[in-house]
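Engineer: Supplied in structure tokens, the structure appears directly below.
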Amino acid sequence: MLIAYREHEAERAALGLPPLPLNAEQAALLVELLKNPPAGEEAMLLNLLENRTPAGVDQAAYVKASFLADVAKGIASSPLITPTKAIELLGTMLGGYNVPALVSLLDTPLAEEAVKALSKTILMFDAFHDVADKVKAGNPHAQKLMESWANAEWFTNKPVLPTEIRAIVFKVDGETNTDDLSPAQEAWSRPDIPLHAKAMLVNKMPDGLQTIETLKKKGMPLAYVGDVVGTGSSRKSAINSVQWFMGDDIPNIPNKRTGGIVLGGKIAPIFFNTAEDSGALPIQCDVSQMKTGDEIIIKPYEGKVLNAQGAVISTFELAPLTMPDEVRAGGRIPLIIGRGLTGNARQMLGLPPSELFIKPIAPKDTGKGYTLAQKMVGRACGLPEGTGVRPGTYCEPKITTVGSQDTTGAMTRDELKELACLGFSADLVMQSFCHTAAYPKPVDIKLQHSLPEFMSSRGGVSLRPGDGVIHSWLNRLILPDTVGTGGDSHTRFPIGISFPAGSGLVAFGAAMGAMPLDMPESVLVRFKGTMQPGITLRDLVNAIPYAAIQRGDLTVGKQGKKNVFNGRILEIEGLPDLKVEQAFEFADASAERSANGCTVHLNKEPVIEFLTSNIVLMQNMIDNGYEDPRTLQRRIEAMQAWLAKPELLQPDADAEYAHIVEIDLNEITEPLVACPNDPDDIKPLSAVVGDKIDEVFIGSCMTNIGHYRAAAKVLEGAGGIPTRLWIAPPTRMDENQLRDEGVYSVFGVAGARTEIPGCSLCMGNQARVADKATVFSTSTRNFDNRMGKDARVYLGSAELAAVCALLGRMPTPKEYMDTVGDKLTKNADSIYKYLNFHQMSEYASKKVIPIAELVE
């Protein structure tokens, strides 16, 4: 084992990487060596046990904890580890498999050592009650431990956030999106934090990592600085990479770091929250007077940034108010868990609540009404019915539904292990394989085989490769007016509200059934008037940023960027009769606005139809062996209960909004498109006429079955087309129905490349468009290099995409209107008919849903 490990260590060192943590098999072999250590290997063996074996509920941690527990109890022995040392090492393992052994040691002569170890352990969960029972039984050591928790010694023994931090600026001008920090093409390596970090900024700033290494030689911490930081996906991997280069090692935890400083003129809310959760210090402030290599002095409590000469170059308000405690605790998540432990201990001992922690200040109640989002969160917090949560209020809403996808799922798995999670508290957790199903690498295949059992054994529902996009599935399993989260920025609910998050917070929400939230303000978007001929819902989606640009509330430029939606909840009214599938287009695109969440105000009729259909789908999943059937059955029963009394929350007429944007449908008379390469850069079709289109992509979670029928109608009878056309339906149910209807035959005649249901080109982590291609896409975002190297990407409707595919260029508005009017308008009812499984005989109980084979 040692020979193989040293070879691995040398291979990784040649790449500038530390070795991987030990797996369970290696840990078992290590234990045998520790029992009878070879001469000269003592130091290495101890290092492997102490610093290279994972903590939490990883299988290697199970081996480590079992061995150390046996040593502590005298069942096993090692000349290198005394029982006292074994207990000390158990105390570094965060929680999970180490806890039962340490609690049992409170009744032994080594109880004092166990108290020391457990006083630093906050992941106690149900084991807290075991300690409480020992206190009630008169165990003095348990009493001492309980008092330690009550006094928050786990917190007070950590260093406070300094009053002054000196750092060196590493600045990335303009916008840094999460694709820059964690490129999609390298998604397979995300669980291997040091390896994945090597891809940070390779496209945005090829010499970036070399610059970082040069700056580190100054011997001071680095601050990541940018005009706009962290837009795009909710990637814990982006923060992991920043922390790998600019953070600090975590004692006894291999290949992971914490800390670090992020300064941004604008910091995307999900990225900001992920930084908080990871122990970093994110600060939103003016960065115009900072440049790479500058020495700065950050005074967090005073809200000032000074240059090396002591002049103030920026001011800020440290937010949230609890940030100093979050940094001290090692992140927002450990602070929440630790505060809860301290609160429980004080309650058990009959003590008043602790005054040690910074308490959020509740905002002044204006007496006005509540928005739809505020009422949804209020219900999830257990407030009286109809009562909402005011913006600025700290709360911890109940999380009913959680989504996890495959390029972040392995990180969520690792975070769940570190949280010592062996069962989900959230009512439904779903795992998909939509990003890697089409062209899996060996590492993807391994994940597709191992992750389903990990999730389902904790009560989760695991989809299968080829099933399709996480959002298109998860939406069918959500309950109206509930709150959820997911490890993808497009986890946006059309009949509830979701606050997407990085993998750490997603794991917390799944494990604990709640999540921390500083309630954001809301922006109301109100549609009025009549939708004009030829205009699609995607045009209305693009009308939202377009209207904000016209009002001066949104700017395309990144320096001094204005974005009225950033960090707020987007609340949409005026389209109450949309089908739920249609409503998701609006909710989904709120991610591109950097909104924290989104609600769509619907009438109950489309919601009733949607849930009635989805009950049949979930029963079909149970019939076809999807795990966990108990979770699916529980969700079926919850939907049935809602249908028995179908009532939706309503916003109050006097609800308060930070901004109101009104959009007159009568004024939208031609398609609106997002231009290369910025989802905010919205222009009317007439402004981009004639631009040559090389490739067209119709796919992603922004599409539904109607879009593919519409595209086929446009292409019908045309024969070969001058563009490369990609087709990737969002789910296998869509694909199967489209095949049955003959739609795929039209795509085949056109020479389209049909992909397995899933994300396909949208993320750009597998298939890619040609270098420097000009593309028209129905996908979610068009960041530089996302879909292809140096590609220029337009975003718009499937209907316009089909016309572009047909012509090989951006059409004139008249060409578009003539095509759409001729081919789509008279067939609209049959084209835009959505999947209602309760009306489809093939989805009746005990029938198998056909899984179509990949067609290229």
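The values are calculated or read from the model by the stated rules, or taken from the named source; none is laboratory data. Fair warning: this is a prediction, and the values are worked out from it, not measured in the lab. Glycine also receives a Cβ, built like all others from the backbone with ideal geometry; neighbour counts cover every protein chain displayed.
Engineer: Inspect segment 608-630 for any residue being at pLDDT 95 or above and over 27 Å from PRO465 (Cα atoms) and give the result as yes or no.
Structural biologist: yes
Engineer: If you take the residues in segment 171-198 that are touching a Ser or Thr at 6+ places or on another chain (Cβ under 7 Å) and more than 23 Å from GLY265 (Cβ to Cβ), which one is modelled with the lowest pLDDT?
Structural biologist: Checked segment 171-198; the qualifying residue modelled with the lowest pLDDT is ALA187.
Engineer: Here are some conditions: (1) under 30 Å from LEU761 (Cβ atoms); (2) within 17 Å of the chain's Cα centre (by Cα); (3) not polar (S, T, N, Q). GLU276 meets all but one. Which one does it not meet?
Structural biologist: Unmet condition: (1).
Engineer: I would also like to ask the following. Only one of VAL115, VAL131 is in contact (Cβ under 8 Å) with a residue 12 or more places away in the chain, crowded, with 21+ Cβ neighbours inside 10 Å and in contact with a His (Cβ under 7 Å, 6 or more places away or on another chain). Can you tell me which?
Structural biologist: Testing whether each residue is in contact (Cβ under 8 Å) with a residue 12 or more places away in the chain, crowded, with 21+ Cβ neighbours inside 10 Å and in contact with a His (Cβ under 7 Å, 6 or more places away or on another chain) leaves just VAL115.
Engineer: Check segment 99-113 and report whether any residue there is of a type in the set (D, E, K, R) and more than 22 Å from ASN252 (Cβ to Cβ). So that I can check it myself, show each step before the final result.
Structural biologist: Going through segment 99-113, the residues of a type in the set (D, E, K, R) turn out to be 107, 112-113.
Checking which are more than 22 Å from ASN252 (Cβ to Cβ) leaves us with 107.
Yes, segment 99-113 contains a residue that is of a type in the set (D, E, K, R) and more than 22 Å from ASN252 (Cβ to Cβ).
Engineer: Give, as residue ranges, the helices (runs of 4 or more DSSP H) completely inside segment 124-211 that count at least 2 residues that are under 30 Å from VAL443 (Cβ atoms) and not β-branched (Val, Ile, Thr).
Structural biologist: Helices (runs of 4 or more DSSP H) meeting the threshold: 178-181, 193-197.
Engineer: Here are some residues: ALA687, ALA710, ALA718, ALA641. Which one is modelled with pLDDT of 95 or more, more than 29 Å from ILE608 (Cα to Cα) and of a type outside the set (Val, Ile, Thr)?
Structural biologist: Working: ALA710 fails: more than 29 Å from ILE608 (Cα to Cα); ALA718 fails: modelled with pLDDT of 95 or more; ALA641 fails: more than 29 Å from ILE608 (Cα to Cα).
Testing whether each residue is modelled with pLDDT of 95 or more, more than 29 Å from ILE608 (Cα to Cα) and of a type outside the set (Val, Ile, Thr) leaves just ALA687.
Engineer: When the residues of segment 638-658 are filtered to those that are assigned to a helix (DSSP H, G or I) and touching a residue at least 60 places away in the same chain (Cβ under 8 Å), which remaining residue is surrounded by the fewest Cβ atoms within 10 Å (Cβ to Cβ)?
Structural biologist: Applying the filter and picking the extreme gives ALA638.
Engineer: Could you figure out which of (1) farther than 19 Å from LEU665 by Cβ; (2) of a type in the set (Phe, Trp, Tyr); (3) touching a strand residue (DSSP E or B) at 6+ places or on another chain (Cβ under 6 Å) isn't true of PHE584?
Structural biologist: (3)
Engineer: Going residue by residue through segment 177-198, is there one that turns out to be β-branched (Val, Ile, Thr), farther than 23 Å from SER594 by Cα and touching a Lys or Arg at 6+ places or on another chain (Cβ under 8 Å)?
Structural biologist: Looking through segment 177-198, at least one residue is β-branched (Val, Ile, Thr), farther than 23 Å from SER594 by Cα and touching a Lys or Arg at 6+ places or on another chain (Cβ under 8 Å).
Engineer: Which residues, taken from segment 591-606, are under 26 Å from the mean Cα position of the chain (by Cα) and assigned to a helix (DSSP H, G or I)?
Structural biologist: Within segment 591-606, ALA591, GLU592, ARG593 meet the criteria.
Engineer: Give ASP58, ASP107 a once-over and let me know the one that is crowded, with 23+ Cβ neighbours inside 10 Å and in contact with a Lys or Arg (Cβ under 8 Å, 6 or more places away or on another chain). Before the answer, list the steps.
Structural biologist: On the way: ASP107 fails: crowded, with 23+ Cβ neighbours inside 10 Å.
Just a single option satisfies the conditions, and that option is ASP58.
Engineer: Here is a further query. Return the residues of segment 274-329 that are touching a helix residue (DSSP H, G or I) at 6+ places or on another chain (Cβ under 9 Å), buried (at least 17 other Cβ atoms within 10 Å of the Cβ), more than 15 Å from ASP518 (Cβ to Cβ) and among the small types (Gly, Ala, Ser); say none if nothing qualifies.
Structural biologist: SER278, GLY279, ALA280, ALA329
Engineer: Which of (1) under 26 Å from PHE610 (Cβ atoms); (2) assigned to a helix (DSSP H, G or I) does LEU505 not meet, given it meets every other one?
Structural biologist: Of everything listed in (1) under 26 Å from PHE610 (Cβ atoms); (2) assigned to a helix (DSSP H, G or I), LEU505 misses just condition (1).
Engineer: State all residues of segment 689-699 that are crowded, with 17+ Cβ neighbours inside 10 Å and assigned to a loop (DSSP other than H, G, I, E, B); if no residue qualifies, say none.
Structural biologist: ILE693, ASP694
Engineer: Can you go through LEU46, LEU34, LEU17 and tell me which one is at pLDDT 95 or above and touching a Pro at 6+ places or on another chain (Cβ under 7 Å)?
Structural biologist: Only one candidate passes the filter, namely LEU17.
Engineer: Can you spot a residue in segment 469-488 that is free of Cβ contacts under 8 Å to residues at least 60 places away in the same chain and polar (S, T, N, Q)?
Structural biologist: Scanning segment 469-488 turns up no residue that is free of Cβ contacts under 8 Å to residues at least 60 places away in the same chain and polar (S, T, N, Q).
Engineer: Within segment 529-559, can you find the residues that are surrounded by 17 or more Cβ atoms within 10 Å (Cβ to Cβ), assigned to a loop (DSSP other than H, G, I, E, B) and at negative phi?
Structural biologist: Listed by number, the residues that qualify are ILE535, THR536, LYS558.
For every residue, the table says whether it meets (1) in contact (Cβ under 8 Å) with a residue 40 or more places away in the chain; (2) in a loop (DSSP other than H, G, I, E, B); (3) in the same structural domain as THR491 (by TED's automatic domain parsing).
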{"residue": "LYS417", "(1), (2), (3)": "yes, no, yes"}
{"residue": "LEU422", "(1), (2), (3)": "yes, yes, yes"}
{"residue": "TYR439", "(1), (2), (3)": "yes, yes, yes"}
{"residue": "ASP444", "(1), (2), (3)": "yes, no, yes"}
{"residue": "HIS449", "(1), (2), (3)": "no, no, yes"}
